[in-house]
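Reviewing the structure listed below.
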Amino acid sequence: MRPLVLSCFTTWILLGAVSAAGAQDLQPLPPLEAPKAEQVELGKYLFFEPRLSGDGGISCDTCHNPATGWGDGKPLSTGYPGSEYFRNAQTLLNAAYYKRSYWDGRLAGADLPTLVRDHLTEAHFMQVDGRLFAERLKQIPEYVEMFKTAFGGEPTFGRTLSAVTAFLKTITSRNAPIDRYLRGDTAALSTEARNGLVLFQGKAGCIQCHNGALLSDQKFHALGVPENPDLFADPLRHITFRRFFRTLGAPNAENYRQDPGLYGVTKEKADWGKFRTPSLREVSRTAPYMHSGAFATLEDVVAFYDRGGGQHPNKSPLIRPLGLTAAEKRALVEFLKSLAGDPVVIERPDWPDYQPRKLGQN
Amino acid sequence: MRILKFFFFALALGILLGTVLQAAEAPGQAKRFPPLGPLPPVPVPRDNPMSDAKVALGKLLFFDPRLSGDVSTSCAACHDPKLGWGTDQPISRGYPGAEHWRNSQTVLNSAYYAKFFWAGEVTSLESQAAAAATGNVAGNGDPIMMEERLRQVPEYVKRFKEVFGVDRPTIAMAWMAIAAFGRTVVSKAENVPFDRYAKGDQSALSPEAKRGLALSQGKAGCIQCHNGPLLSDDSYHNLGVPPNPIFEESPLHQITLRYQHVIRGVPESVYRTADRDLGLYYTTKRNEDRGKFRTPSLRELKYTAPYMHNGVFATLEEVIEVYNRGGADDANKSPLLKPLGLSDQEKKDLLAFLLSLSSDKPLIIEPPDLPGYAPMKQEARP
């Protein structure tokens, strides 16, 4: 009897906090508008298709692998062959929900086709000319047929972006314990996880930024996360880093020895070192953590917040030492694990081959 | 002033040699065309003067695959010194994942052209290097990425400073250095039988080759387009070169053929029916320019097979044969081409002459050791 009373009490506290705090609510993830099934199916093939990269060497799943939480499991992501990237590859799980895309929010989240385009055409990612891969796709009869079914026409640059976008919208959390809990199934969270939830909303203060259905305020904060020393010690990463900030028009990029984050986009000093709050959904599947991949485990992340973050001139005033006990830290981690739903497993399809076409009938 | 001097020098040399050659070998139509002769000193643009240090830097860069998208494809990948500074395939290899669509032209003596690529798309060695390194089926390099790579190589930083006086290498300067190197990849007259002959060594050409020279300026009419020291009028002609059947069969070649039509901005109706390389048409979008290509030099042909924009001819014998037939069928075919009625001996004579335009031994430069990356020091800027 007593546990039930306690859990009811906790729920009451939670709901009370919710109604008072508004934006700090935790909510179940609302379903996205279902994309057209034929476009999703085509997008799945294209997601795994290396002919969408400049040299045919990599595909979306090279850095967003379903088997490693739709990221690549590395602190810093690999870039285009001959390059190395300079930030952690973020999971694609629930990526379609963000208002801004990327760690620095440089693209509008509502415009997912442009996010796909950026990955395909940028020199540090897949470095392909969209006009070239459209012609490649036209050389594959199965794809010609699938484009016809999905879009009523031949393969094009734009339709390719739309198809991958449709697929992205299906890479979302399903059946997460937290969502069952928020819908009233109090048994969906263990006692320890419920304790973690209380800490999350209270003493640990996580909810200040990790709120809403996505558990992200969709804003930008500096935490003083340690940089990855490879950024400047590994020539291949430093090359990509400098090129990136030059193309953003950020001044004096060759002398940066920190990732400036949002500053690269806004060129406002106050934005130096700020990064977009990532969703905590599926977080137990998406190690390592932070823009620099600095933390290998959720325990490391919790310990970092418990210390009050790192050193940074722009560090958010929301970050301060928490004084968590070992049990509280464990409870928080347990709660974080309840944010993962059923694994979203997609098998890599077999690629259809190029075939000759009738010359002159294009 | 320097260019003017050079011009008069070339003119005087040309007149002198032309007089000699015409008097000795070829009465008739030869006099209407710039005369053959040894190559003059290589023309150098005023905004990219030559220096040994620049050439040495350009040589490194020519062989450096970091000047491509995925660090796989240096200039030398398609312009291999051991393969006549081209490839030995009809159609050049392309960037990984792609095939090119044209024959790789030799770097040898390219410094003398005023127009580059098979359809004269660019007008300097500098812009040729840039276009090839960034073209999506060639080098697929991103200019700023390549520039940052150069800045990450301390040896390059040092050499760019020596050569160009800059603290940071720029990609445009890399193209200038590569162009300067290209201007050293030229035939030397003392190595070329025809040039030795033109300078007065009667024994440098066999009797066959001498007859071939006369034919080239007379009955065979080669001189109409292959004239001047480079043996090219640097202009555009349609010969009705037959199609290369690889475009019927190879998916990757078909992809690139269509892609070229897209990026060159042809009308959709032209794209939909595209089945061949339209040459100069892509630049002018004039139907009368369909199938026109820039006349290539006849120098160093011994080392630069296969021939024509689509590499459709493996041997010089085949090339002579198609000219003897008056070229192939094409609505835009040059009126300069007509059946020649060459005898077998005359064809052999022409071949002997053509071979006399090549160096005795191929000009080969070995790939150098390339300098490596190193972490970059931070230097606060004022």
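The values are calculated or read from the model by the stated rules, or taken from the named source; none is laboratory data. Computed from a prediction, not measured in an experiment: that's the story for all the values here. A quick note on method: Cβ atoms are made from the backbone with ideal geometry, for glycine too, and the neighbour counts reach across all protein chains shown.
Before moving on, here are some points about what is shown:
- Of the helices (runs of 4 or more DSSP H) lying entirely inside region A:61-153, those containing at least 2 residues that are more than 14 Å from chain B (Cβ to nearest Cβ) and buried (at least 18 other Cβ atoms within 10 Å of the Cβ) are A:112-121, A:141-151.
- Any chance A:G310 is buried (at least 21 other Cβ atoms within 10 Å of the Cβ) and out of contact with any helix residue (DSSP H, G or I) (no Cβ under 6 Å at 6 or more places or on another chain): no
- Test for A:L332: is it away from chain B (no Cβ under 14 Å), surrounded by 18 or more Cβ atoms within 10 Å (Cβ to Cβ) and over 22 Å from the mean Cα position of the chain (by Cα): no
- Hey, A:A294 closer than 16 Å to A:L76 by Cα, among the aliphatic types (A, V, I, L, M) and within 11 Å of chain B (Cβ to nearest Cβ) or not: no
- Each residue in region A:225-259 was checked for being at the interface with chain B (Cβ under 9 Å from one of its Cβ atoms), surrounded by fewer than 16 Cβ atoms within 10 Å (Cβ to Cβ) and not in a helix (DSSP H, G or I), and 2 pass.
- Among the criteria (1) modelled with pLDDT of 95 or more; (2) closer than 21 Å to A:Q208 by Cα, the one A:I13 does not fulfil is (1).
- Single match in B:T106, B:T73 (criterion: outside any helix (DSSP H, G or I), surrounded by 19 or more Cβ atoms within 10 Å (Cβ to Cβ), hydroxyl-bearing (S, T, Y) and within 13 Å of chain A (Cβ to nearest Cβ)): B:T73
- Exclusive hit being away from every other protein chain (no Cβ under 14 Å), part of a loop (DSSP other than H, G, I, E, B) and in contact with a strand residue (DSSP E or B) (Cβ under 9 Å, 6 or more places away or on another chain), set A:I346, A:I319: A:I319
- Some residue of region B:299-309 being within 14 Å of chain A (Cβ to nearest Cβ), buried (at least 19 other Cβ atoms within 10 Å of the Cβ), outside any helix (DSSP H, G or I) and in contact (Cβ under 8 Å) with a residue 24 or more places away in the chain: no
- From the list B:T273, B:T295, B:T283, the lone residue that is farther than 20 Å from B:G135 by Cα, more than 12 Å from every other protein chain (Cβ to nearest Cβ) and polar (S, T, N, Q) is B:T295.
- Taking each residue of region A:231-253 that is in the same structural domain as A:H291 (by TED's automatic domain parsing) and over 15 Å from A:S77 (Cβ atoms) and looking for partners that are modelled with pLDDT under 95 and outside any helix (DSSP H, G or I) with beta-carbon atoms closer than 7 Å, six or more apart or interchain, yields nothing.
- Looking only at region B:131-148, and only at residues there that are surrounded by fewer than 22 Cβ atoms within 10 Å (Cβ to Cβ) and part of a helix (DSSP H, G or I), the one that is farthest from the chain's Cα centre (by Cα): B:I144
- Each residue in region A:214-255 was checked for being touching a Leu at 6+ places or on another chain (Cβ under 9 Å) and either under 24 Å from A:F304 (Cα atoms) or of a type in the set (F, W, Y) (or both), and 10 pass.
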